[in-house]
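Visitor: For reference, the structure I am asking about is given below.
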Amino acid sequence: MAGIMDVSYDTQIPNNIGLSSDRRVLKALEKWHPGYIDWWKGSGPDGFLEDLVYLRTAVSVDPKGWAKFDYVKMPDYRWGILLAPQVEGRIIPCGQHLGEPAWQEVPGEYRSLMRRLIVIQGDTEPASVEQQRFLGKTAPSLYDMRNLFQVNVEEGRHLWAMVYLLQKYFGADGREEANELLKRQSGSEEKPRMLGAFNEETPDWLSFFMFTYFTDRDGKMQLEALAQSGFDPLSRTCRFMLTEEAHHMFVGETGVGRTIQRTCEAMNAAGITDPYDIDKIRALGVIDLPTIRKKMNLHYTLSLDLFGREVSTNAANAFNAGIKGRYQEVKIDDDHQLQDATYAVSEFTGGQILVKDVPALTAINMRLRDDYSRDAAGGVKRWNAIIKKHGIDFALELPHEGFHRKIGVFEGAPITPDGLVITSDEWAARRDEWLPSKADGDFIQSLMVAVHGPGEYAGWIAPPRVGIDNKPGDYEYVKLYMA
Ligand code: BYC
Ligand code: FE
Ligand code: FE
């Protein structure tokens, strides 16, 4: 029997929002659909349009079992509109409307602020697919290839999620924004994506894993903040997206972990104890730990920039309006309006790093970023445990907030990963100690060879401990189409 949590497949667009009886929105989405498919074919995974990929598709929004797995050609994937169930009597959890019933329509006064946040969120989703476009060709295994494509189709679905909100609640300008989301392109000179990190390259698989660990985690935190929105359809949309996001970060954490593990195993087998004996380690066909650290430094700092400025009136306005909450807003024990509260924020003045208390309302971005850093530290600890288990004297540590920043108080500041202020000349001279150099990139690129045998893995990465959907080690996660 179909329940309220079930997804209906009676229209071209699977949904749990009764789309078949909302003709206006159904029509608008059906009109947008061909452009989306064109975008997928032209900007999504390069090649692989005919291959059968073992993907999960949502059949319910019940957290206990929402997915089914099956072989699908990616252009035939059923991208749908899925909202978490409405919570009876939900109230606005923060800001000046605290305690009022959550909005089911967009209040006129907040329309443009709300639209802007939805557009920014929507823009990142296709951007990430574009950034990962060429990775399928060098997948280190069919297992990894399938995970890449799973992440890609779900980021595509996240675009649908935002486009639904634009089409349903924002009329003509929403429709216009929905079309624009298919026109901007990651890395484009004329029409780039909106946020910095989404115009960077994802040139190799270690970058992909770092991206899904660090940048998808920004996605998690921003979605958590939007899940607290007083605009209930946005909240429900983001709550379901978060259940998908967990897998993206799993792919990142285990991908980096397996890379580290393989490096440590190879070092042990060759009797190499010095992690800085880079030439010898690279000769084993694995990625040395210092280079892995540089990749981590890069992706973590690019992701910190995604939280915006430490002190932001935009963020204060969004919180005060009840459009965006804090991480786990309803569990925080305070007035949820931040009338007198303060929050500690770093400043960089006269070449010195100082910490200052500012009104908490203006430090909403900073607080979310701090929650992010705590969340991101968990996996780093688990990566270090792998290194330790192999008896190698090396540890990863997230760099100082002032290192390599392009947004906020530390923009362009010459600060080391340890938080030391140095001269700009010294920073430039030492850059390649801390961030991937051209030579590092070339070396990693040299390891990026496709491995297509079921159960086989490229030499630089360890196999996963368990399969997807409990499948055995030699499962054929992608059935490659031979033209
Ligand atoms: N790049 O007051 P501020 C994801 C702009 S990831 C370029 O601090 P605000 C995903 C800013 O727009 C999550 N520009 O800004 C992950 C503002 O411009 P205006 C994506 C930037 O608004 C992996 C000005 O600088 N979702 O889902 O407080 C794979 C002043 O800054 C940047 C969201 O981000 C930047 N990094 O904070 C797939 C949620 N940072 O207004 C998907 C929605 C700032 O002066 N977005 N600027 O012209 C927001 O909540 C906020 O807009 C931001 C920025 C947190 C991004
Ligand atoms: Fe996403
Ligand atoms: Fe994601």
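Visitor: So for region 408-422 (the condition being among the β-branched types (Val, Ile, Thr), out of contact with any His (no Cβ under 7 Å at 6 or more places or on another chain), crowded, with 16+ Cβ neighbours inside 10 Å and over 26 Å from ALA197 (Cα atoms)), does at least one residue qualify?
Guide: Checking region 408-422: not a single residue is among the β-branched types (Val, Ile, Thr), out of contact with any His (no Cβ under 7 Å at 6 or more places or on another chain), crowded, with 16+ Cβ neighbours inside 10 Å and over 26 Å from ALA197 (Cα atoms).
Visitor: Please verify whether ALA227 is small (Gly, Ala, Ser), buried (at least 21 other Cβ atoms within 10 Å of the Cβ) and either within 15 Å of ligand 3 (Cβ to nearest atom) or over 22 Å from THR57 (Cβ atoms) (or both), treating the condition exactly as stated.
Guide: In short, yes.
Visitor: Next question, about the same structure. For ASP393, which of the numbered conditions (1) under 26 Å from the mean Cα position of the chain (by Cα); (2) of a type in the set (Asp, Glu); (3) under 29 Å from THR273 (Cα atoms) fails to hold?
Guide: Tallying (1) under 26 Å from the mean Cα position of the chain (by Cα); (2) of a type in the set (Asp, Glu); (3) under 29 Å from THR273 (Cα atoms), ASP393 fails exactly one: (1).
Visitor: Report yes if some residue within region 369-386 is surrounded by fewer than 13 Cβ atoms within 10 Å (Cβ to Cβ) and over 26 Å from the mean Cα position of the chain (by Cα); otherwise report no.
Guide: no
Visitor: In region 176-202, which residue that is in a loop (DSSP other than H, G, I, E, B), among the acidic types (Asp, Glu) and more than 14 Å from ligand 1 (Cβ to nearest atom) is surrounded by the most Cβ atoms within 10 Å (Cβ to Cβ)?
Guide: Once the filter is applied, the top-ranked residue is GLU201.
Visitor: Could you list, in sequence order, the residues of region 129-167 that are part of a helix (DSSP H, G or I), within 24 Å of TYR457 (Cβ to Cβ) and hydrophobic (A, V, I, L, M, F, W, C)?
Guide: Across region 129-167, the qualifying residues are LEU135, LEU142, MET145, LEU148, PHE149, VAL151, VAL153.
Visitor: Give GLY308, GLY325, GLY350 a once-over and let me know the one that is more than 30 Å from GLU201 (Cα to Cα) and touching a Gly at 6+ places or on another chain (Cβ under 9 Å).
Guide: That would be GLY325, the only listed residue that is more than 30 Å from GLU201 (Cα to Cα) and touching a Gly at 6+ places or on another chain (Cβ under 9 Å).
Visitor: Residue check: is ILE287 part of a helix (DSSP H, G or I) and more than 16 Å from ligand 3 (Cβ to nearest atom)?
Guide: No: the conditions fail for ILE287.
Visitor: Checking TRP160 against (1) within 16 Å of ligand 3 (Cβ to nearest atom); (2) closer than 17 Å to GLN132 by Cα, only one condition comes out false. Which one?
Guide: (2)
Visitor: Within region 52-65, identify whether any single residue is more than 30 Å from LEU142 (Cα to Cα) and among the polar types (S, T, N, Q), and answer yes or no.
Guide: No: zero hits.
Visitor: Between ALA315, ALA321, which is of a type outside the set (D, E, K, R), farther than 23 Å from PRO414 by Cβ, more than 16 Å from ligand 2 (Cβ to nearest atom) and free of Cβ contacts under 8 Å to residues at least 60 places away in the same chain?
Guide: Just a single option satisfies the conditions, and that option is ALA315.
Visitor: Sticking with this structure for a sec: What do you reckon, is ASP232 at pLDDT 95 or above, closer than 18 Å to ARG90 by Cβ and either within 16 Å of ligand 2 (Cβ to nearest atom) or charged (D, E, K, R) (or both)?
Guide: The answer is yes for ASP232.
Visitor: Pull up region 247-285, narrow it to residues that are touching a residue at least 24 places away in the same chain (Cβ under 8 Å) and within 16 Å of ligand 1 (Cβ to nearest atom), then point me to the one that is surrounded by the fewest Cβ atoms within 10 Å (Cβ to Cβ).
Guide: So, considering only residues that are touching a residue at least 24 places away in the same chain (Cβ under 8 Å) and within 16 Å of ligand 1 (Cβ to nearest atom), the one surrounded by the fewest Cβ atoms within 10 Å (Cβ to Cβ) is HIS247.
The values are calculated or read from the model by the stated rules, or taken from the named source; none is laboratory data. Everything numeric here is computed off the predicted structure, so don't read it as measured data. FYI the Cβ positions are ideal-geometry reconstructions off the backbone, even for glycines, and counts take in every protein chain you see.
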